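Below is one structure, written out as structure tokens; comments come after it.
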Amino acid sequence: MANMKLNIFPLTKLPFDVIANVLSFSIKHQDSKVIGSQLIYVCLLFAKAAIPHVWKHLYLEEPAQRKIFSILQECPSKLMFNYQCMVKSVTICPVWISNMKSGGLLRTLDIIQSCLPNLTRLHIEDKLSFCHAYHLSKEATTEQLADLICKKDLKELILDSDHLVFNDELLEIISEQSRSLQSLSINGSHFTDEGILEHVIPNLKDDLVEFSAGHGGINPISLTGNTVLALLENCPKLRRMLLEGVDLNDNDFIGDDLPSSNLEYLWLGKTCQQNFTTQGLFSLLMTCNRTLESLVLDLSHVSRAMLQDIIIPLFQNQRLQELYLVSESWAEWTAYYPRPRSEQEVRAKEAMRCWKLKAYWGITSDLIDLICEKISTLKVLSILGENQLKTSSR
């Protein structure tokens, strides 16, 4: 009505909660970037509404970004906003494992532990193994690292590093002292089945909701199907599992005593085609086919036969709502560019994506229609990021 009268309705007349809610949809944290943060410069009202959403997650990727600590260590009463209480999540990309300088992991952890009372999510991401390659003083120990990570209110922990101190001993200390953890993500060759079976499961089995291994990281992972089955069997609240590069083998899933699980989301990617075939995939999906709502397959050996003989029969009368066929498993790419670091590498990856699409399993529009018809609960069928689900099929 205001528009019909050619009047402009002033936003300042809206309740503050409404403005804050609207701005929350415009401010997104994605790929270590805050999208929409410029909204804080519109006016003081927008600043008050938007700053809590901007500051809820801090990305500390370079030593220069540690300058933010001067604000966090300032007495809140001297600032316009209480930034310390706003931060709920922190991503650290350490430059040194030692305690030296502003880029050191231990020093960074020490500061955030002392300054951020509401921290519930911690992500340590050693993108290029800088921690492992360069250190300018005595290296940190596993005990030092664990002491600074452990926090009774921590709900989500992501560890992505191939450094020696990221190991099963670290998992033991963390799982014993941070028993409220609901989400655990690990990536690194020094994490093994033993750490999960002997420490994580006994201590976190009653609270663990999400478990991720290898997903989104660049370091090798040493877990096997034994860990996967143990988690499914012993963690009744487990709803989400992301497995990428895990050493799965058909032999791990042979038998009539496989556990049933309550998984609602499963990401499965980059497994060895020779060791983990359609037989193993079928057995794994059988453990959760009655509860699974979202399935992501990032496998280079997905075929028409797999979709017809496994996916459709298992899920056509079940709860599956989303099916994503990703297929980014390029051995040549992961060997040299595990994570794009420049615009050129991003373009190269996109070019390989297009190339892969041209030879994409021979999936035809008829097969897409068949999947949509047989799995009537599907809301999303996405192939390489494109939604192929037709409204006519509904």
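Between residue 212 and residues 5 or more places away or on another chain, which pairs have amide H atoms under 5 Å apart, with H built 1.01 Å from N, and which residues are they?
Sorted by chain and number, the residues that satisfy this are 184, 185, 186, 242.
Once phi is turned into ³J(HN,Hα) by the Karplus curve 6.51 cos²θ - 1.76 cosθ + 1.60 with θ = phi - 60°, what whole-Hz value does each residue of the range 272-284 show in order, with x for glycine and proline?
Taking θ as phi minus 60°, the curve returns 7, 4, 6, 8, 10, 9, 4, 5, x, 4, 4, 5, 5 Hz for the range 272-284.
Where does the Debye-calculated log10 I(q)/I(0) of the range 141-269 sit at q = 0.22 Å⁻¹, using only Cα point scatterers of equal weight, no solvent?
These q points yield log10 I(q)/I(0) values of -1.42.
Which of rounded, prolate, oblate describes the range 138-196, given a ≥ b ≥ c as roots of the alpha-carbon gyration tensor eigenvalues and a/c under 1.5 marking rounded, otherwise prolate only if a/b is larger than b/c?
Because a/c hits 1.5 or more and a/b fails to exceed b/c, the range 138-196 counts as oblate.
Which pairs break 20 Å Cα to Cα here: 48/88; 88/152; 67/151; 33/67; 28/270; 48/78?
In this structure, 67/151; 28/270 lie more than 20 Å apart at Cα.
For the residue pair residue 256 and residue 226, what label-to-label distance in nm results when each label sits 7 Å from Cα along the Cα-to-beta-carbon direction?
2.5
Below 13 angstrom from the Cβ of residue 281, what's the summed charge of the other residues (Lys, Arg +1; Asp, Glu -1)?
-4
According to the square roots a ≥ b ≥ c of the eigenvalues of the Cα gyration tensor, what is the shape class of the range 197-296, taking rounded for a/c under 1.5, prolate for a/b larger than b/c otherwise, and oblate for the remainder?
Since a/c stays below 1.5, the shape of the range 197-296 is classed as rounded.
Calculate, for residue 68 and residue 286, the FRET efficiency according to 1/(1 + (r/R0)^6) with r their C-beta to C-beta distance and R0 56 Å; round to the nearest 0.05.
The calculated FRET efficiency here is 0.70.
By the scheme Lys and Arg +1, Asp and Glu -1, what is the net charge of all other residues having a beta-carbon under 15 Å from that of residue 205?
Overall, the nearby charge balance is -4.
Could you run the Karplus curve 6.51 cos²θ - 1.76 cosθ + 1.60 with θ = phi - 60° over the range 290-303 and give me ³J(HN,Hα) per residue in whole Hz, x for Gly and Pro?
7, 10, 5, 10, 9, 10, 10, 10, 10, 10, 6, 10, 5, 10
Suppose all protein chains stay in the model; what accessible area per residue would a 1.4 Å probe give for the range 200-261, in Å²?
40
Order of 180-187, 156-163, 145-152 by packing, highest average Cβ count within 10 Å first?
Those peptides, ordered most packed to least, come out 156-163, 180-187, 145-152.
Can you compute the modelled spin-label distance between residue 110 and residue 21, with each label point 7 Å from Cα toward Cβ, in nm?
Once both label points are built, they end up 4.5 nm from each other.
The values are calculated or read from the model by the stated rules, or taken from the named source; none is laboratory data. Everything numeric here is computed off the predicted structure, so don't read it as measured data. Backbone-built Cβ (ideal geometry, glycine too); neighbour counts: all protein chains shown. Keep in mind that these areas ignore ligands, DNA and RNA; they rest on the heavy atoms of the full protein, side chains included. Shrake-Rupley method; radii C 1.70, N 1.55, O 1.52, S 1.80 Å.
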